[in-house]
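**Q** One structure is given below, represented as structure tokens, and several questions about it will come after.
The values are calculated or read from the model by the stated rules, or taken from the named source; none is laboratory data. It should be emphasised that the depicted structure is a prediction, and the values quoted were computed from it without experimental measurement. Reconstructed Cβ throughout: ideal geometry from the backbone, glycine too, with neighbour counts over all protein chains shown.
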Amino acid sequence: MLLPVAMFGLGPLGQRVALELEQRRLGRIVAAFDPGPELVGRPLAELVPGADPDVRIATVPGEFDGWERVRCALVTTTSDLELCMETFRVLLDRGCNVVSTCEELSWPWLRHPILAAELQERAVRGRARILGTGVNPGFLMDALPVALSTACKRVDRVRIERVQDAAVRRLPFQRKIGAGKSLREFEQRVADGSLRHVGLGESLHFVAHYLGWNLERWDESIEPVLAERELASDLGPVPAGHVRGVRQVARGDVAGETVLELVFQAALGEPEPHDSIRIEGDPPLELRIAGGVHGDTATCAIVLNAIRPLLTAEPGLHTMASVPLTGCATSLSG
């Protein structure tokens, strides 16, 4: 019997996760939720070929009465933990395990320590588990460097870099990084908090925690990456001098020295996309993935591959370092 799953959020990412769940035979969606008026009431199978034709998209969990058979909920709605909390409360109180792409959930103790404590309490009380994950934050700039450091007897400094060609990413991602905006529009959106890669600070503190570093100071900068010539894109032409992406850098200090630096750059037309980790220590280690990891493909894979280890973990609020080792899942039975 396939694992019964509830799906929350059916935007481009949610639809892709749901489709891969069905295609890989890792579970069966028995309930689906999205508040979009263009989706409510439609059969899920119209969006996700192969899904149960009897499942219709609802707006709120109260419209579904089969929670006792749902083993896990996949939540792909928003980056903001506060906006996800009501959904998480409902699920954990029902004893439902949760895997979510909410970036702030990957290390919620940074910006929302009170909410993190509440999630832990509700999860334990409901005998449920909750995990925030994805490609970044979740894996490439946090779990992977921590795992790589296992081969070291001493770590002095770590630099992690992720450079992506945003042209191959989904349109909502391109909009999120400000592609096509004027410099003034970019600065306005940075100022109001609507333009940034969410999760870089969370990744910084994840790595610091698992390396045993107590950061005395940390900061994060954000700046535009500008087009030197006109670029074609799915968003329309990007004139020279307009924004083609974003560059964010987070740094953490110990004993007055920067020991941890994370660089995230996502922009249209990046000539040398890559993911890299450099550890200064004993022994020094360097890992470089030429071409980089495709963010949308990897996020879907990580969300689905994380279900099995999460279900075997103790009830509570988890990170990618507190669940058993995750590999590529071949099946999930109920």
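Condition check ((1) without any contact (Cβ under 8 Å) to a residue 40 or more places away in the chain; (2) closer than 21 Å to LEU310 by Cα; (3) assigned by TED's automatic domain parsing to the domain that holds PHE88) across all residues:
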{"residue": "GLY9", "(1), (2), (3)": "no, yes, yes"}
{"residue": "GLN15", "(1), (2), (3)": "yes, no, yes"}
{"residue": "GLU22", "(1), (2), (3)": "yes, yes, yes"}
{"residue": "PHE33", "(1), (2), (3)": "yes, no, yes"}
{"residue": "PRO43", "(1), (2), (3)": "yes, no, yes"}
{"residue": "VAL48", "(1), (2), (3)": "yes, no, yes"}
{"residue": "VAL60", "(1), (2), (3)": "yes, no, yes"}
{"residue": "ASP65", "(1), (2), (3)": "yes, no, yes"}
{"residue": "ALA73", "(1), (2), (3)": "no, yes, yes"}
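**Q** Now a separate question. Name every residue in the stretch 174-209 that is among the hydroxyl-bearing types (Ser, Thr, Tyr) and buried (at least 19 other Cβ atoms within 10 Å of the Cβ), in order of residue number.
**A** SER203
**Q** Restricting to the stretch 28-44, give me the number of residues that are at pLDDT 95 or above and either small (Gly, Ala, Ser) or touching a Phe, Trp or Tyr at 6+ places or on another chain (Cβ under 6 Å) (or both).
**A** 3
**Q** Let me ask something additional. Return the residues of the stretch 14-48 that are touching a Leu at 6+ places or on another chain (Cβ under 7 Å) and outside any helix (DSSP H, G or I); say none if nothing qualifies.
**A** The answer is ARG24, ARG25, LEU26, GLY27, ARG28, ILE29, ALA32, ASP34, LEU39, LEU47, VAL48.
**Q** Turning to a different aspect of this structure: Determine the pairs where a residue that is more than 24 Å from ALA250 (Cβ to Cβ), located within the stretch 116-138, has a partner that is of a type in the set (D, E, K, R) and surrounded by fewer than 24 Cβ atoms within 10 Å (Cβ to Cβ) with Cβ atoms under 6 Å apart, the partner being 6 or more residues away or on another chain.
**A** Within 6 Å, the pairs are GLY126/ASP93.
**Q** Okay, moving on. Pairs, please: C-beta under 6 Å, at least 6 apart or cross-chain, first residue free of Cβ contacts under 8 Å to residues at least 12 places away in the same chain and in the stretch 159-177, second part of a helix (DSSP H, G or I)?
**A** none
**Q** Testing LEU92 on (1) surrounded by fewer than 24 Cβ atoms within 10 Å (Cβ to Cβ); (2) of a type outside the set (Gly, Ala, Ser); (3) more than 19 Å from the chain's Cα centre (by Cα); (4) assigned by TED's automatic domain parsing to the domain that holds THR76, one condition comes back false. Which one is that?
**A** (1)
**Q** Being over 20 Å from ILE114 (Cα atoms) and exposed (fewer than 13 other Cβ atoms within 10 Å of the Cβ) is the filter here; which residues of the stretch 60-89 pass it?
**A** Hits for the stretch 60-89 are VAL60, GLY62, GLU63, ASP65, GLY66, GLU68, ARG69.
**Q** Residue under question is PRO12, and the condition is that it be surrounded by fewer than 23 Cβ atoms within 10 Å (Cβ to Cβ) and farther than 22 Å from ALA298 by Cβ; does it hold? Step through it out loud before you land on a result.
**A** Working: surrounded by fewer than 23 Cβ atoms within 10 Å (Cβ to Cβ): yes; farther than 22 Å from ALA298 by Cβ: no.
Here the answer is no, as PRO12 does not meet what is asked.
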